[in-house]
Amino acid sequence: YEILTGQRPYRLKTRSPDEIARAITDQEPERPSTVVARGDTSTFDIRHSSIPKGDLDNIVLMALRKEPQRRYASVGQFSEDIRRYLEGLPVIAHKDTVSYRATKFIKRNKIGVAAATVVALTLLGGIIATAWQAKRATGQARVAAQERDRAQREAAKSERINSFLRNILGFSDPSWLSSNPRRNREPTIAEALEEAGRRAEKELANEPEVLASVRFVIGQTYLSQRRLEAAELHLRAAYDLRRNVLGPESEETAYSMATLAELRLWQGKYAEVELLSRDALATFGRAREAGKVNVLWMTYALTVAGGAEITMGRAAAGEATLREALEVGHSLSGADRAPLSVIYSSLSVARSDQGDVDGAISHMEKSLDELRRISNEPRMELAIGLNNLGNLLALKGDYGRAESLLIESIEIHSKSVGEAHQNTAYAVINLANVNYLRGDYRQAREEIDRAMRIQQQVLAEGHIDFARSWIVLGRILTRTGEPNAGESYLRRALELRTRALKPGHWRIAETQGALGECLTAQHRMEEAETLLLESHTAFNQALGANDPRTRDARRGLLALYEAWGKPDKAARFRL
């Protein structure tokens, strides 16, 4: 690889053993011809401006494959493939096809093949010229007929969907024409959705594409309300129908995969998010190469994938995915620009998770700017942005401004999606944390109890987001003289996060630190020391020594050693 390109195949910064291992395991080297074509050869004297694509690329990349069974079986086999390349023979690194062997034959026998070709072309020229016009006319007619049939099918499908939805919208009609069986009162949106789901299965059973579209819309609506079980029922049914009827590589199937990926993100099932996002993005990537991609949907799928990577502790990879989403979605306009605000919000989380709190605040302000470009109405998206910015300001110690933004976020959430909503709970948890940090434990306890009541209504048992509220409650109990009760909540939170996140994730470190402080309050110093040291190490590695969370971890260790009567160790952790 280095002989051909002047570069090593893997991109390294520190050359530490861990980084080298990760690179060799996870990175796919670029094709040598691509590197040379781009001009990235400054470290080596390359005499030619390009190298032949194909066999040389394939030989090198086969030798570098991750799976041992797909690499060359021996040095001899590797050497034989290089010899065959030099002699113009087919190589085993290339897929063995008729066209490939024919190409190799022609290169080895250029003169004979050229003569035979001239004779053949002379004989065939008249036949081709005669047949071409008829074939062209037939082909054009066939394409036109296919386009006409497709347009007619889509028009009929759209009309059937519209007809069904119009009927459902008439659910509130109190007259005898109404689809509402209880005509003497005004029904709720929830009732209308439930009726739509029941009727769709019966009335559209013989029209699977229409049924899939209707159930998809119902599922999206439930997802926006964070009614996750109901959303899963319809989104999964829509996906199964589309996969069976339209095929696994259709764009509509990809829409379903991307939306299911977002559902899994809210459910805390991050591994499934990765699988669904990967398959959806593969379909969108092919459509993009053909110039037919739906930009809004590809942007959405990249945003979900990036959010999952960040949540799983791969902030740098998530940031790269989100920047690709920005590049894909830069041309969006009007209300379609809403995903850009989500991208900036997720980039804010990525920067925060890499210890760049100021950069996180800057991205969150960009997110709010995008939202205000679309509308100044107090909608759920604005409430999410205000919540995230308030949480970041709390990290910086600006509790007054953080509290103001979080209260506004809760008010908007309550009006737009209601009290019993996952997003409302997030904002209330963050407000409770602000009051905990400023020492108002009574107010913090009222708010965390409110948040937990919401979570018990909207989250499935064992959902990872319970850990957010349990940590704040555990800290409050520790500071108000009930560390034994606080320990129970903190251990449950640590169990949830350890099960869902990879070792070293800063959210695990956050939980370890809170539990370590709780054990310090119980004078269980050796247990506390282990947890607090692990927490500080993880924060320092993930976020850097100057991040507010790392500094808080240092203060926890300082308090432990001072209470334990170990001044020498305490001195190491004074800020």
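The values are calculated or read from the model by the stated rules, or taken from the named source; none is laboratory data. Just so it is clear, the model here is predicted, and its values are computed rather than measured. As a convention, Cβ positions derive from the backbone with ideal geometry for all residues, glycine included, and neighbour counts pool all protein chains shown. What goes into the accessible areas is simple: the full protein's heavy atoms, side chains included, and nothing from ligands, DNA or RNA. Shrake-Rupley method; radii C 1.70, N 1.55, O 1.52, S 1.80 Å.
At a glance:
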| read-out | value |
| --- | --- |
| In the stretch 173-193, residue modelled with the highest pLDDT [restricted to those that are open to solvent by less than 80 Å² (accessible area, probe 1.4 Å), closer than 26 Å to ALA420 by Cβ and out of contact with any Phe, Trp or Tyr (no Cβ under 8 Å at 6 or more places or on another chain)] | ALA190 |
| Residue that is closer than 22 Å to GLY334 by Cβ and among the hydrophobic types (A, V, I, L, M, F, W, C), where the choices are VAL293, VAL273 | VAL293 |
| Count of residues meeting criterion [at negative phi, in contact (Cβ under 8 Å) with a residue 24 or more places away in the chain and open to solvent by 10 Å² or more (accessible area, probe 1.4 Å)] in the stretch 330-351 | 13 |
| Single residue of GLY306, GLY355, GLY318 found to be assigned to a loop (DSSP other than H, G, I, E, B) and either more than 24 Å from SER375 (Cα to Cα) or in contact with a Leu (Cβ under 8 Å, 6 or more places away or on another chain) (or both) | GLY355 |
| Scan of the stretch 352-366 for residues that are open to solvent by less than 60 Å² (accessible area, probe 1.4 Å) and either of a type outside the set (Gly, Ala, Ser) or on the phi < 0 side of the Ramachandran plot (or both), ordered by number | SER352, ASP353, ASP356, VAL357, GLY359, ALA360, ILE361, SER362, HIS363, MET364 |
| Matching entry among SER409, SER416 (being surrounded by fewer than 24 Cβ atoms within 10 Å (Cβ to Cβ) and in contact with a helix residue (DSSP H, G or I) (Cβ under 7 Å, 6 or more places away or on another chain)) | SER416 |
| Residues of the stretch 358-383 that turn out to be free of Cβ contacts under 8 Å to residues at least 40 places away in the same chain and in a helix (DSSP H, G or I), as a count | 17 |
| Test for THR25: is it modelled with pLDDT of 75 or more, closer than 22 Å to ALA316 by Cα and not in a loop (DSSP other than H, G, I, E, B) | yes |
| Members of the stretch 284-303 found to be of a type in the set (Val, Ile, Thr) and open to solvent by 10 Å² or more (accessible area, probe 1.4 Å), listed by number | VAL293, VAL295, THR303 |
| Search result, residues across the stretch 519-575 that are assigned to a loop (DSSP other than H, G, I, E, B), open to solvent by less than 50 Å² (accessible area, probe 1.4 Å) and over 21 Å from PRO503 (Cα atoms) | GLN522, PHE573 |
| Any hit, the stretch 201-216, residues being assigned to a helix (DSSP H, G or I), modelled with pLDDT of 90 or more, among the aromatic types (Phe, Trp, Tyr) and buried (at least 19 other Cβ atoms within 10 Å of the Cβ) | yes |
| Test: residue in the stretch 347-363 that is closer than 23 Å to THR259 by Cβ and touching a Phe, Trp or Tyr at 6+ places or on another chain (Cβ under 7 Å) | no |
| Residues of the stretch 369-386 satisfying the condition of being within 22 Å of GLY307 (Cα to Cα), surrounded by fewer than 21 Cβ atoms within 10 Å (Cβ to Cβ) and either modelled with pLDDT of 95 or more or among the hydrophobic types (A, V, I, L, M, F, W, C) (or both) | MET380 |
| Selection count, the stretch 311-329, where residues are closer than 24 Å to GLN541 by Cα and surrounded by 18 or more Cβ atoms within 10 Å (Cβ to Cβ) | 9 |
| Residue list for the stretch 503-515, filter: part of a loop (DSSP other than H, G, I, E, B) and free of Cβ contacts under 8 Å to residues at least 60 places away in the same chain | PRO503 |
| Output for the stretch 484-536, where each listed residue is of a type in the set (Phe, Trp, Tyr) and farther than 20 Å from PRO548 by Cα | TYR489 |
| Residues (open to solvent by 90 Å² or more (accessible area, probe 1.4 Å) and either touching a strand residue (DSSP E or B) at 6+ places or on another chain (Cβ under 7 Å) or in contact (Cβ under 8 Å) with a residue 12 or more places away in the chain (or both)) located in the stretch 10-27 | ARG11, THR25 |
| When residues of the stretch 503-518 are limited to those that are under 34 Å from the mean Cα position of the chain (by Cα) and open to solvent by less than 20 Å² (accessible area, probe 1.4 Å), the one farthest from ARG468 (Cα to Cα) | GLY516 |
| Some residue of the stretch 387-402 being part of a helix (DSSP H, G or I), over 30 Å from ALA553 (Cα atoms) and open to solvent by less than 60 Å² (accessible area, probe 1.4 Å) | no |
| Residue that is modelled with the lowest pLDDT [pool: residues in the stretch 223-263 that are open to solvent by 40 Å² or more (accessible area, probe 1.4 Å) and in a loop (DSSP other than H, G, I, E, B)] | GLN225 |
| Single condition TYR489 does not satisfy, out of (1) under 26 Å from the mean Cα position of the chain (by Cα); (2) of a type outside the set (A, V, I, L, M, F, W, C); (3) buried (at least 19 other Cβ atoms within 10 Å of the Cβ) | (1) |
| Single residue of the stretch 36-89 satisfying the filter (open to solvent by less than 70 Å² (accessible area, probe 1.4 Å), polar (S, T, N, Q) and not in a helix (DSSP H, G or I)) that is modelled with the lowest pLDDT | THR41 |
